[in-house]
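> Shown below is the structure under consideration.
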């Protein structure tokens, strides 16, 4: 962490730093089968106020329009409890995830009345651009195309909350999703200056060599995926995972030094004691 962010850990423990409130956000780990499993990473532009220069999965914060959106649903109801959310919030997290991925990559995770995935056409980019201008337009785009949001297309994978020492904080649900047949992800987001498809193990190797700056939740997610052979294995595994809201939190060790744990944010129980402070800063960026 940058020095000034690390200093806040001690201030927090002394009651001298008030953690900012958290905002809901969704991230989608887009997947495809190539020579094995690959995932889509975007490098945030250096001008961005959040995670500048970091490689991230597509996604972003949830807007009020996402929770209020009058969209048609397909398949099973959203499992709000597993998302550590109430029903309206959970619907907004799913809608926001689908919307953000469409805005940032051109991939639309929705199905028609027969359950078939959406197909690209001549108006595809116009619809994407309309949603990028106004998130409130997303429900209308789905209705015009006769599409439904199907939570089964993006099962929950993990859940991370920004540490209390950051000046901007997000409560982020990570979903996994295969790029539907007939669609392709492309670099259409003004928030990114580079995109890449990589096997998770390759991305982790590049991270360890300092070539791909990433935040701990991205690294942890890639590590979870690295042992899985293909998209089908990831989607099959997603429904069996124990998903808890994870948050790095500082503490004083026996010598009075600042140490770090990853806790379950619901009850403060310690999931793992970290050997060092979390790397990087979401606000300061790479």
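> According to the square roots a ≥ b ≥ c of the eigenvalues of the Cα gyration tensor, what is the shape class of the chain, taking rounded for a/c under 1.5, prolate for a/b larger than b/c otherwise, and oblate for the remainder?
Prolate, because a/c is 1.5 or more and a/b exceeds b/c.
> Please give the helix 87-105 orientation as an angle from the longest Cα principal axis of the chain, in degrees from 0 to 90, rounded to the nearest 10.
Once rounded, the angle reads 80 degrees.
> Which of 104, 277, 18 has the fewest other C-beta atoms within 10 Å, and how do the rest follow up to the most?
18, 277, 104
> Find how many whole Å separate the alpha carbon centroid of segment 60-101 from the alpha carbon centroid of segment 209-286.
Segment 209-286 and segment 60-101 have Cα centres separated by 24 Å.
> Same structure, new question: Extending each Cα 7 Å along its Cβ direction at residue 119 and residue 76, get the distance between those two points in nm, one decimal.
Inter-label distance under the simple model: 2.9 nm.
> Here's another thing I want to ask about it. Where the Cα atoms of segment 1-134 are projected onto their three principal axes, how long is each span, largest first, in whole Å?
Each principal axis gives a Cα extent; for segment 1-134 these are 58, 35, 34 Å.
> Related question: Okay, helix-only estimate at 222 nm for the chain: each DSSP H run of n ≥ 4 adds -39500 (n - 2.57), divide by all residues, round to 500 deg cm²/dmol; what do you get?
After summing the helix terms and dividing by residue count, I get -8000 deg cm²/dmol.
> Further question on the same structure: Just how many % of Cα pairs in segment 94-185 lie over 20 Å apart, if you round to the nearest whole percent? Don't skip to the answer; put the middle values down first.
Working: 1595 of 4186 pairs.
Looking at segment 94-185, the distances longer than 20 Å represent 38 percent of pairs.
Each reported figure results from applying straightforward, stated rules to the coordinates on display, with no laboratory input. The shown structure was predicted, so the numbers you read here are calculated from the model rather than taken from an experiment. All Cβ positions, glycine included, derive from the backbone under ideal geometry; neighbour counts span all protein chains shown.
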